[in-house]
Structure formats: structure tokens, C-alpha cells
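Taking it in order: structure first as C-alpha cells, then the write-up.
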Amino acid sequence: MVSFEMNDRKKIGLGLTGFGIFFTFLGIIFFFDKGLLAMGNILFIAGVSLTIGLKSTMQFFMKRQNYKGTISFGVGFFFVVIGWPILGMILETYGFIVLFSGFWPTLSVFLQRIPILGWLFQQPFVRS
């Protein structure tokens, strides 16, 4: 069984991931500002790499079933950097959904256990 011990590297990684999500959100709010979106992507990838480790990150992105998500996320990042942020974000969103689709059941169970918000996620129309 793998334990999740919080050392300084993982704390910094979680902080970078949070800042990456924040800058991406700001980039979308400010009408797809390519600078903020690119910075958010770089911080997000760096944060994930520090949180789970470089080897685990490479193994995750290079799994055979994750190729489609990895390629679309990478091409989307490239489009954001060259100045086509809307098309880039569409491709990145698709890649993100494909890459992290295996985590949705875990996220669903977590959301159902939140005291007030969990009631909403336990309704039949949300569960299906």
C-alpha cells in the first residue's frame, strides 16, 4: 500500500498545481489571454510533476490508453503558446477529460461525502 506522506516537495507541487488552475481560470476570465493560459499550463504540469514525481508523471502521460489525451493536451498547449487560445483550450479540455476520466468515480464518491453539497450529488438525476 502506498502512503501519501506530505513532504516539502509535495506541498510545493500542490501549490503550483493550485496556481496553475488559478492562472488558467484568470486566462479564461480575461477573454482567453494567452499569457495567463500558458503560465497556468506550465504551473499545472510542473505542480503535477512535483506532487507525484517525475517518473510517475511520465508513466501516466505515456500509458497506451492515455496517448489520445496526452497528444490533444500537448497540441492544445502548443496552440495556446502560438496565439490561438480558444482552439488550444478546447483541445486541452478534451485532453484533460480523456486523461483524467478514470478519476471521476473517485471524485464522485468524495463529493457525495461532503456534508451539505453531498446531498445534491446523491440525487438520482446526478448519479446517472
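Structure notes:
- Check on P105, part of a loop (DSSP other than H, G, I, E, B), modelled with pLDDT of 80 or more and not acidic (D, E): no
- Failed condition for I114, given (1) at positive phi; (2) open to solvent by 50 Å² or more (accessible area, probe 1.4 Å): (1)
- Positions within the stretch 99-120 being closer than 29 Å to Y67 by Cβ and of a type in the set (S, T, N, Q), in sequence order: S101, T106, S108
- Residue match in the stretch 19-26 (condition: within 30 Å of Q122 (Cα to Cα), β-branched (V, I, T) and in contact with a Leu (Cβ under 7 Å, 6 or more places away or on another chain)): yes
- All positions within the stretch 1-57 that are open to solvent by 30 Å² or more (accessible area, probe 1.4 Å), part of a helix (DSSP H, G or I), within 17 Å of L87 (Cα to Cα) and touching a residue at least 24 places away in the same chain (Cβ under 8 Å): I28, K34
- T57 vs. criteria closer than 25 Å to F32 by Cα, under 16 Å from the mean Cα position of the chain (by Cα) and of a type in the set (S, T, N, Q): no
- Candidate set from the stretch 61-83 (those that are touching a residue at least 24 places away in the same chain (Cβ under 8 Å) and aromatic (F, W, Y)); member that is most open to solvent (accessible area, probe 1.4 Å): F77
- Filter pass, F30 being touching a helix residue (DSSP H, G or I) at 6+ places or on another chain (Cβ under 8 Å) and within 17 Å of G95 (Cα to Cα): no
- Just so you know, in the stretch 92-109 the residues that are open to solvent by 60 Å² or more (accessible area, probe 1.4 Å) and β-branched (V, I, T) include one that is nearest to K34 (Cα to Cα), and it is T93.
- The residue list F100, F73 contains one member that is closer than 25 Å to I29 by Cα and at pLDDT 90 or above, which is F73.
The values are calculated or read from the model by the stated rules, or taken from the named source; none is laboratory data. From a predicted model like this one, the values you see are computed outputs, not experimental measurements. Reconstructed Cβ throughout: ideal geometry from the backbone, glycine too, with neighbour counts over all protein chains shown. To get the accessible areas, we keep the full protein, side chains included, count just its heavy atoms, and leave off ligands, DNA and RNA. Shrake-Rupley method; radii C 1.70, N 1.55, O 1.52, S 1.80 Å.
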